[in-house]
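A.B. asks: One structure, pasted below without further comment.
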Amino acid sequence: SLQSGLVEEAVLPYSSAKGPGSYLGVAGSFSYDTNAQERQLKIIRGGLTRDALDILMEKTGLSIYELADILEVTDRTLRRYPPDEVLNKRLSERALEIAKLYSRGEEVMGSATIFRQWMETPVPALEHKLPKSFLDTSLGISMLMDELGRIEHGVFA
């Protein structure tokens, strides 16, 4: 709608606010204060639903085959989960890590589209590998977060 000459974004059925929660359909803050970390633990321990993975795929551009590989399950297994099925802690934690990375990348690069392109481009600081190839481990995701920090501060290795 138009209001004071500004166009407002449509309200989505899941959290439309920027931040990691929007990549999973989970509302709320994911900053690094103690309360946010406790909330993240609660989300991981309680488990995300299969629906959260659908939102993650939509927002990141990851295919079901890529996500299955990252999560170390078969795409057939992912397809068989009903939308409201609760995922185990391991899958929930990795999905949350990916959401946090993509949210941070969007913040640093100024656009989800630009970050998604960066994820598909060989990066010299990562031995000319695709950043996307690091999503299969927590250490790999941490390395990408570190690289985003260097980019944000204009330090290119």
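A.B. asks: In segment 114-157, which residue that is assigned to a helix (DSSP H, G or I) and among the charged types (D, E, K, R) is nearest to SER92 (Cα to Cα)?
C.D. replies: LYS132
A.B. asks: Out of the residues in segment 69-96 meeting the condition of being assigned to a loop (DSSP other than H, G, I, E, B) and within 28 Å of ALA36 (Cβ to Cβ), tell me which one is least open to solvent (accessible area, probe 1.4 Å).
C.D. replies: LEU87
A.B. asks: Mind counting the residues in segment 103-133 that are closer than 23 Å to LEU24 by Cα, open to solvent by 40 Å² or more (accessible area, probe 1.4 Å) and of a type in the set (Ser, Thr, Tyr)?
C.D. replies: Of the residues in segment 103-133, 2 are closer than 23 Å to LEU24 by Cα, open to solvent by 40 Å² or more (accessible area, probe 1.4 Å) and of a type in the set (Ser, Thr, Tyr).
A.B. asks: Say whether the condition of being under 24 Å from TYR65 (Cβ atoms) and free of Cβ contacts under 8 Å to residues at least 40 places away in the same chain is met by at least one residue in segment 96-110.
C.D. replies: no
A.B. asks: If you check THR60, THR49, which single one turns out to be under 19 Å from PHE115 (Cβ atoms), open to solvent by less than 90 Å² (accessible area, probe 1.4 Å) and either acidic (Asp, Glu) or modelled with pLDDT of 85 or more (or both)?
C.D. replies: Exactly one residue qualifies, and that residue is THR60.
A.B. asks: Search segment 69-80 for residues that are closer than 16 Å to ILE55 by Cβ and pair each with any residue that is in a loop (DSSP other than H, G, I, E, B) when their beta-carbon atoms are under 6 Å apart and the residues are at least 6 apart or on different chains.
C.D. replies: ILE70/LEU135; ILE70/ASP136
A.B. asks: Okay, moving on. Got at least one residue in segment 125-142 being β-branched (Val, Ile, Thr) and in contact (Cβ under 8 Å) with a residue 40 or more places away in the chain?
C.D. replies: Yes, segment 125-142 contains at least one residue that is β-branched (Val, Ile, Thr) and in contact (Cβ under 8 Å) with a residue 40 or more places away in the chain.
The values are calculated or read from the model by the stated rules, or taken from the named source; none is laboratory data. It should be emphasised that the depicted structure is a prediction, and the values quoted were computed from it without experimental measurement. Cβ: placed from backbone, ideal geometry, glycine included. Neighbour counts: every protein chain shown. In case anyone asks, the SASA skips ligands and DNA or RNA and just uses the protein heavy atoms, side chains included. Shrake-Rupley method; radii C 1.70, N 1.55, O 1.52, S 1.80 Å.
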